[in-house]
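Right, one structure below, let's go through it.
The values are calculated or read from the model by the stated rules, or taken from the named source; none is laboratory data. These figures come from a predicted structure and were not determined experimentally. Don't worry about glycine lacking a Cβ; one is built from the backbone with ideal geometry, like all the others, and counts go over all protein chains shown. Note: areas computed on protein heavy atoms with side chains; ligands, DNA, RNA excluded. Shrake-Rupley method; radii C 1.70, N 1.55, O 1.52, S 1.80 Å.
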Amino acid sequence: MADVEESLLAGVPLLLVRPSGSVRALPTVLWVHGYGASKETHLAELHRLADRGLLAVGIDAVAHGRRRPAGFEHRVTGSPGENAAIFRQIVGDTVAGLPRLVDQLLELGLSEPGRLAIAGVSMGGCIVYGAVAADRRYAAAVALLGSPAWTRPEDDGAWLDAFHPTALLSITAACDSVVPPAAARELHARLAGRYRLQPERLRYRELAGAPHLMPAADWATATAHAADWLTRFLP
């Protein structure tokens, strides 16, 4: 069993899910949902992480969940590609707000330096790439069904340098037509040289035959790999 608490830190609505009765600082994972979803969508995944002894922090991305502005659904229809400017702004604004959220978690004693990670699904996976490059405090990261294309600058040398030593796992779906895997695959190929002394901290997995909205068995595989990775690299 886990304790579940709703909170608001740094202007971000949260679900804090932790092992039952735990009051000390714990290794912490921020979990970011996909486009059109909310922090409650991944409550099962948050519980899975809490069962591993972690503090799982589900967040509402900008313009989602309790941060969703009135009338937003009438401005956004279709896929992220069809709403590229809005999608890019949501990703960028969410990334920009995460450092202050991390500050608050540390200041309140909920988390400790060096024991922070971030994971996300689809849009949340896109946010993961931006967050890791923008904030060196993440020991580990998992991007599920995400793309780095939404946060990658044209002059990307310094951006690529910012990933190491974060332990980065990307999981994509080979038949994903919503968020094609090519950009994540290319990122890992370009990062390999930067992780040459610690290759175990960089891994790319592509689930054969899987679409973006993957079957339950593939989703179970993906989330199990994610939980294993986060547990392994959070001290």
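Within the stretch 4-39, the only residue that satisfies the criterion of being farther than 14 Å from A119 by Cα, surrounded by 14 or more Cβ atoms within 10 Å (Cβ to Cβ) and among the charged types (D, E, K, R) is R18. Here is a check on your reading of the model: is H42 at pLDDT below 95 and within 14 Å of G120 (Cβ to Cβ)? Answer is no for this residue. Contact list please: Cβ distance under 9 Å, first residue in the stretch 51-68 and more than 18 Å from A10 (Cα to Cα), second residue assigned to a helix (DSSP H, G or I) and open to solvent by less than 10 Å² (accessible area, probe 1.4 Å), pairs at least six apart or on different chains. Pairs found: D51/A227; R52/A227; R52/L230; L54/A227; L54/L230.
Before we move on, is P69 at pLDDT below 95 and crowded, with 22+ Cβ neighbours inside 10 Å? Spelling it out, it is not the case that P69 is at pLDDT below 95 and crowded, with 22+ Cβ neighbours inside 10 Å. Search the stretch 116-142 for residues being assigned to a helix (DSSP H, G or I) and open to solvent by 10 Å² or more (accessible area, probe 1.4 Å), and hand back the single one that is nearest to F233 (Cα to Cα). The extreme case among them is A133. Considering only the stretch 142-152, I want to know if a residue exists there that is of a type in the set (G, A, S), in contact (Cβ under 8 Å) with a residue 40 or more places away in the chain and farther than 19 Å from R190 by Cβ. Scanning the stretch 142-152 turns up no residue that is of a type in the set (G, A, S), in contact (Cβ under 8 Å) with a residue 40 or more places away in the chain and farther than 19 Å from R190 by Cβ.
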